[in-house]
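Readers should treat all values here as calculations from the given coordinates under stated rules, not as data from a laboratory. Since this is a predicted model, take the numbers as computed values, not measurements. Note that each Cβ is placed from the backbone with ideal geometry, even for glycine, and that neighbours are counted across all protein chains shown.
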Amino acid sequence: MTYYGIVASEGIVFGDVFHYEPFVPSISEKKINSADIDKNIKSYENICEKAKKEIQELIEQMPQRDTDKLKIFSAHIEIVSDVAINEEIRGYIANELYSPDYAINLVYDKYIKIISRSKDPLIRERAADLKDVKLRLLRLWFNVDNTSLSNLQKPVVVVASDLSPSDTATMKRENVLAILTEAGGITSHTAILAKSCGIPAVLGIPNITKELKPSETVIVDAIEGKVITNPTQDEIDYYAARKKEFNIKMEEAKSFLSIEPFTSDGVRIEIALNICSSDDRELAHRNYTDGVGLFRTEFLYMKNENLPTEEEQFEEYKKVLQAYKDKPVTIRTLDIGGDKKLPCLELPEEDNPFLGLRALRLCFDNLHIFKTQLRALYRASIYGNLWIMFPMVGSLEDFRLAKKITEEVKAELAAGGYDFRNDVKIGIMVEIPSIAVMADKVASEVDFASIGTNDLCQYLTAVDRLNPKVVQYYQVYHPALFRVIGNVAKAFREHGKPLSICGELSGDPLVTPVLIGMGIRKLSMNESSVAAVKKQISTLDMQSAKRIANTVLELETAEQVEAFLKSEAAQK
Ligand code: PEP
Ligand code: MG
């Protein structure tokens, strides 16, 4: 049987299925017999003991210097031992004859609600701790294993209806052969992370969690977007050969990794990296790239059950800045909301999260989170060449307010006797059409900008970038997108300000000539795209690049653009 989906990260894999299902308790009002009150109270007390033991083990595995995390997990033990909470739960079991799971849910939800309503954001954050403890108790009550992608025991093909960014951020990457999901599109965060780790991924496959049996061996063709079950010997031979071919192609492309990217007529194009962490694996690419064009810092927040502290962030940013020495490291401030939820922060439910309290807007609403990050960034600035970039800027007011807050943070640091660099560049992502239209004004005010084509395409074409039902409308080759990029490029060129592209389009070698032809000189991408884009640049001359860009600006449909770019590539 063959199942079809969207390729998010290329590769061919043979592997065994592992179904991943995050624990979601289903709780309903259940009563116990009055004769069983003591037994149920005892069971409740037992799971409290087990929870404390689990948390204690976590604490013991944690490095001692993680004092903030240690404090938080110690607080979790205190919550489990809290006299008032325990009395209330026991009371519900003894007096109302509620089953312990129902009683736990009731009492914890009550406190979560109260805390979430607090005006003090620091208190609001504590709701996440209560939620965490509640889930731990309920998981233990239902006797469900702690299945997390962080403790995969052997290499598997992970199959899930969806993966949250925190699932992908914490997974044990070396044991993930491939990812298959029902949800997700090519610019979802699962896709971006899979690509940056070089894990083949096919997303948007209808019903795949129901179709595949646990542990069955499948072939994942993440080139054509297929999953094959019960393969015939012919299919096995065919895919073994294709896997070999693909690996040879990848090896060949690798020879372009270390070249300095010049066009054939000598124009130097900067190739920067998109990264998600300061992992040594990500920093290993520093020698053949021109810096970091986008550090998606939200992954630091998503992989933790608590907000990263100033100290933790400082260490993370310092490590990246030191690794890149003088090369620019563009660190984007927290871009949360949309598909990216934080386990450590209660976010309001919204009907249109991509149009809601996301990224910079959320930071304005949670100033302490924003300021903590800016403090960490400025403190780390003395270790390298830091560029700070704000996401989801919709107006010049947004930029000015963010900059004002930055100035406040600098003043606070100076008053506290901290060292920081005063020449840190401050720029924005161009990913909301309103700011793209204002490019001439923007270019005179910001130090630099980077075009986020993933969101720019989403907002320009009014298509949810994650919704598989409208994937055919999410047209990355839409001529309108190229026209907007062209206008932004012109404005920044006229003001002599640096402009780069950091959305997924930047790593698509078909599009490289168009972007260069429009005057873009810096492309930032996932590591897996670097070799192919460098190869493309080395065979390109500026006259062809301009001709290709001008032609694209005259075309009418995405289909025409794609066909034209493919025909150009085929002539090489
Ligand atoms: C973008 O929108 O193009 C971008 C680079 O940001 P993200 O994908 O993280 O939203
Ligand atoms: Mg974006």
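In this label model, VAL437 and LYS154 are separated by 5.8 nm, measuring between points 7 Å along each Cα→Cβ vector. FRET efficiency for the pair ASP16 and GLU311, taken as 1/(1 + (r/R0)^6) with r the Cβ-Cβ distance and R0 = 35 Å, rounds to 0.30.
So what's the gap between the Cα centers of segment 439-516 and segment 1-57, to the nearest angstrom? Their Cα centres are 41 Å away from one another. So which of LYS134/LYS319; LYS254/LYS425; LYS340/LYS469; LYS226/LYS490; LYS154/LYS318; LYS249/LYS425 end up more than 29 Å apart, counting from Cα to Cα? Going by Cα-Cα distance, LYS134/LYS319; LYS254/LYS425; LYS226/LYS490; LYS154/LYS318; LYS249/LYS425 fall outside the 29 Å limit. Legend: Rg and Dmax of segment 270-430, from Cα coordinates, 15.1, 45 Å.
Distance between the modelled labels on THR551 and LYS254, one decimal in nanometres: 3.4 nm (7 Å Cα→Cβ projection). Spread over its residues, the convex hull of the C-alpha atoms of the chain is 161 Å³ per residue.
Under 5 Å from the amide H of GLU346 lie the amide H atoms of ALA128, each residue being 5 or more positions distant or on a separate chain, with H modelled from the backbone and absent for Pro and chain starts.
Between PHE364 and ASP419, take the C-beta separation as r, use R0 = 45 Å, and let me know the FRET efficiency to the nearest 0.05. Once rounded, the FRET efficiency stands at 0.95.
The mean sequence separation of alpha-carbon pairs under 8 Å and at least six residues apart, normalised by the residue count of segment 270-430, gives a relative contact order of 23 percent.
Cα centroids of segment 106-128 and segment 370-407: 29 Å apart.
Computed 3J(HN,Hα) for segment 193-199, one whole-Hz value per residue from the Karplus formula 6.51 cos²θ - 1.76 cosθ + 1.60 where θ = phi - 60°, is 5, 4, 5, 5, 9, x, 9, glycine and proline marked x.
Approximating the spin labels as points 7 Å out from Cα along Cα→Cβ, the GLU224-to-ALA94 distance works out to 6.7 nm. Normalised by the number of residues in segment 34-141, the mean separation of alpha-carbon contacts (under 8 Å, six or more apart) gives a relative contact order of 32 percent.
For segment 222-229, 3J(HN,Hα) computed residue by residue from phi via the Karplus equation (6.51, -1.76, 1.60; θ = phi - 60°) reads 8, 10, 8, x, 10, 10, 10, 10 Hz, glycine and proline entered as x. For the chain, averaging the sequence separation of C-alpha pairs within contact (under 8 Å, six or more residues apart) and dividing by the residue count gives a relative contact order of 15 percent. For the pair segment 302-361 and segment 167-242, the centres of their Cα atoms are 27 angstrom apart. Put simply, when 424-430, 380-386, 560-566 are sorted by average Cβ atoms within 10 angstrom per residue, most first, you get 424-430, 380-386, 560-566. Within segment 217-316, the GluC sites (Glu not before Pro) that combine a DSSP coil assignment with at most 15 other C-beta atoms in a 10 angstrom radius are GLU224. Note on segment 34-141: with charges restricted to the Cβ of Lys and Arg (+1) and Asp and Glu (-1), its dipole about the Cα centre is near 320 debye.
Shape summary of segment 34-141, radius of gyration then Dmax from alpha carbon positions: 14.7, 49 Å. Hydrodynamic estimate: the Kirkwood radius of segment 478-572 over Cα pairs, inserted into Stokes-Einstein at 20 °C and 1.002 mPa s, corresponds to D of 160 µm²/s.
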